[in-house]
Amino acid sequence: MAVHDYDLVVIGAGSGGVRAARIAASHGARVAIAEEYRVGGTCVIRGCVPKKLLVYASRFHGEFEDAAGFGWTIGSARFDWRTLIANKDKEIDRLEAAYRSTLARWKVETIESRAVVTGAHSVRFERTGRAVSARHILIATGGTPSAGDMPGAELAISSNEAFHLTSLPKRIVIAGGGYIAAEFAGIFAGLGSVTTQVYRGAQILRGFDQDLRDDVTAAMGKRGVTIRNNATITALEKVSSGLAVALSDGARLEADAVMLAIGRVPNTAGLGLEAAGVALKANGAVVVDAQSRSSVPSIYAVGDVTDRFALTPVAIREGHAFADSVFGGKPWEADHALIPTAVFSEPEIGTVGLNEADARAKHGAIDIYKTRFRPMKYVLAGRDERMLMKLVVDGATDTVLGCHVLGPDAAEIVQMAAIAMKMGATKRDFDATMALHPSAAEELVTMRDKWVPPAA
Ligand code: FAD
């Protein structure tokens, strides 16, 4: 067998890459990991983690409003963006250091450089020009925000820059209808920005259950987000009062910041993959099989760069499965069925399994159980907002196919429901589970009546 400088070179020290590097090293492999920006990757540095911290910050607004109904008088609450960002940065620094020390502990060599693939077994580190050989190469380069192509697009920010704004914009326009756009709309509205979300389709959060979409858009509106559907930003221009934003429906808005959250593209541009014979999809994603192997047997890819399910836990599982399979003699595949996800909008969505429309298309006869209710806390608070809980059940087998929750702690609730569903729980199993009272989640085990569509 040819002798290589490394058993494994990982390109990209994000969720998938770090896990794969650490596990491969634990199996005795000589591993190097290249990172061109910061160790931790998107999730830790400019994704899930800082996003959730900003979500927490934004929710105090509603909490202060709700406190009055419980007898609290809150003095003049003031928010300081710089303090939030400085504290967030400190936490991200701490996490990056923890990732670095984990890699060092496992004797993974961290190379702070952009890396490119130069062949089936060779990689070049751009900062020094050093070329190395590796038995295996793992592409774990993630994705990057899609840039706009409208005139003035360079005036807009993406989620990357949103985490580093020097001040809170008084007015912000966010383009996009996916979860990142919805989350940032909630963040900025909660922190006090006049927030407009512009989406090219008829309704945001395509692919989510229709009831969730209907209810979350209504609730976001009540929480101060103006959603403009069927519109795109056609031009941006600097004006004395900020930015002028022209929309395709003829409207013209003014804003202090414009954020584009219009999708993400896999990071493969200039990576040398095509020259090395690695097949890519039209959008640049690496084509892989269930073992995350590319069309070149020595090159694998995990995480967002493969455009399968762009979520951190998925990237981590794929990286782990790759390392165990290739270096640990314990082959297994990451299971992509029943992946729970959340949208940390305000209110929050938690969802797992099939939405009603997909379940109907796939299974035919399905039963729907759903309830909308005012969470206990909102009664004294005087908040006019309903929580939604919905179960989609296979009419033939009674198996719970989908669980959809909108409201406080939806993500926490759905994570637990996902365990039951992964075990194949039926509606009867949910019914047999004792309720935990008083909680919102108890509704998931106390819904008895099938939902009947209202007569036309
Ligand atoms: P990444 O974590 O993106 O890591 C790739 C790394 O490769 C980066 O550090 C990059 O700098 C580096 N790199 C790229 N090219 C090179 C090169 N040529 N040489 C060296 N280094 C290179 N997921 C969730 O599960 N929950 C959430 O709540 C959530 N929120 C998100 C919020 C935002 C705003 C964003 C943008 C993403 C969010 N995600 C969330 C998605 C999550 O961040 C990604 O799915 C996850 O980070 C993917 O991991 P990865 O290992 O594939 O890539």
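All of the numbers you see were taken from the coordinates with simple rules; none came from a lab. Just so we're clear, the structure is a prediction, and the values are computed from it rather than from any experiment. Backbone-built Cβ (ideal geometry, glycine too); neighbour counts: all protein chains shown.
Go through the residues of region 271-279 one by one and say whether even a single one is touching a residue at least 24 places away in the same chain (Cβ under 8 Å), surrounded by fewer than 18 Cβ atoms within 10 Å (Cβ to Cβ), out of contact with any Leu (no Cβ under 8 Å at 6 or more places or on another chain) and not in a loop (DSSP other than H, G, I, E, B). No, because not a single residue in region 271-279 is touching a residue at least 24 places away in the same chain (Cβ under 8 Å), surrounded by fewer than 18 Cβ atoms within 10 Å (Cβ to Cβ), out of contact with any Leu (no Cβ under 8 Å at 6 or more places or on another chain) and not in a loop (DSSP other than H, G, I, E, B).
Filter region 121-146 down to residues that are part of a loop (DSSP other than H, G, I, E, B) and surrounded by fewer than 17 Cβ atoms within 10 Å (Cβ to Cβ) and give me whichever is nearest to the ligand (Cβ to nearest atom). Within region 121-146, the match that is nearest to the ligand (Cβ to nearest atom) is 126.
Can you say whether residue 149 is loosely packed, with under 15 Cβ neighbours inside 10 Å and in a loop (DSSP other than H, G, I, E, B), as far as the supplied structure shows? So residue 149 fits the description; yes. If I go through region 1-23 residue by residue, how many of them are farther than 14 Å from residue 328 by Cα, of a type outside the set (Val, Ile, Thr) and more than 6 Å from the ligand (Cβ to nearest atom)? Within region 1-23, residues that are farther than 14 Å from residue 328 by Cα, of a type outside the set (Val, Ile, Thr) and more than 6 Å from the ligand (Cβ to nearest atom) number 5.
Among the candidates 55, 9, 49, 18, the residue that is buried (at least 23 other Cβ atoms within 10 Å of the Cβ) and part of a helix (DSSP H, G or I) is uniquely 18. Return the total of residues in region 294-322 being in contact with a strand residue (DSSP E or B) (Cβ under 8 Å, 6 or more places away or on another chain) and within 16 Å of the ligand (Cβ to nearest atom). Adding up the residues that qualify gives 13.
For region 350-371, the condition holds for at least one residue, the condition being that it is within 16 Å of the ligand (Cβ to nearest atom) and closer than 24 Å to residue 305 by Cα. Has region 221-230 got at least one residue that is hydrophobic (A, V, I, L, M, F, W, C) and in contact (Cβ under 8 Å) with a residue 60 or more places away in the chain? No: zero hits. Would you confirm, using the coordinates I've provided, whether residue 199 is surrounded by 15 or more Cβ atoms within 10 Å (Cβ to Cβ), under 27 Å from residue 46 (Cα atoms) and away from the ligand (no atom under 16 Å from the Cβ)? Yes; evaluated as a whole, the condition is true for this residue. For region 42-64, the count of residues that are within 16 Å of the ligand (Cβ to nearest atom), touching a residue at least 12 places away in the same chain (Cβ under 8 Å), more than 25 Å from residue 185 (Cα to Cα) and not β-branched (Val, Ile, Thr) is zero.
Residue count for region 152-186, restricted to those that are within 16 Å of the ligand (Cβ to nearest atom), assigned to a strand (DSSP E or B) and of a type in the set (D, E, K, R): 0.
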